[in-house]
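What follows draws every value from the coordinates through simple rules; no lab data is involved. The structure presented is a predicted model; accordingly, all values stated were derived computationally and were not measured. Using ideal geometry, Cβ is built from the backbone for each residue, glycine included, and neighbour counts are taken over all protein chains shown.
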Amino acid sequence: MKKFLLAIALVSISFSGFAQEDAEFKAEMMNFVKVNSGTGEAVNPYIDQMAAGLPDRNKEAFKSEIKAELDEMYSQLVDVYIENVPKEDLKKMIEFYQTPAGESILKATPQIMAKNISITQGLMMKFQNILQKYSAQ
């Protein structure tokens, strides 16, 4: 019986160690996703701008709710990365983004994302026009 209890204790300790390691890795991935998504802290001026037209009594609640939604999005993105990319590759990716070249890319990401959105929106309008052209025939 003592051996059985010892085995259960060892397995529990092992799982808690893995759980702690996974939680630490997930937190590291969360930080990476926030920075790499082109938002992170960079989104705060946009949230402030959206809140500017609200009554003062509602601004903080609005910002809090928006940030909670962003945190949920980040969490979902972390899960997508973890489900689709081996952990070792993710660790190497994080290491790369801590190098000067990676930091340079991260620094440029918000501008790249903004231009990407603009280009994509223009393309979607063109697609819409093409769709309408062929729908009318």
Inset, instruction - Could I have the simple spin-label model distance between PHE62 and GLU83, label points 7 Å from Cα toward Cβ, reported in nm to one decimal? - result: 3.3
Inset, instruction - Give me the distance in nm between label points sitting 7 Å out from Cα along the Cα-to-Cβ direction at LEU70 and GLN49, one decimal. - result: 1.3
Inset, instruction - Kindly provide the pair-distance distribution of the stretch 36-118 built from C-alpha pairs, with 5 Å bins from 0 and whole-percent values in order of increasing distance. - result: 3, 12, 16, 19, 20, 14, 8, 5, 3, 0
Legend entry - Spatial separation of Cα centroids for the stretch 25-87 and the stretch 111-131, in angstrom: 23
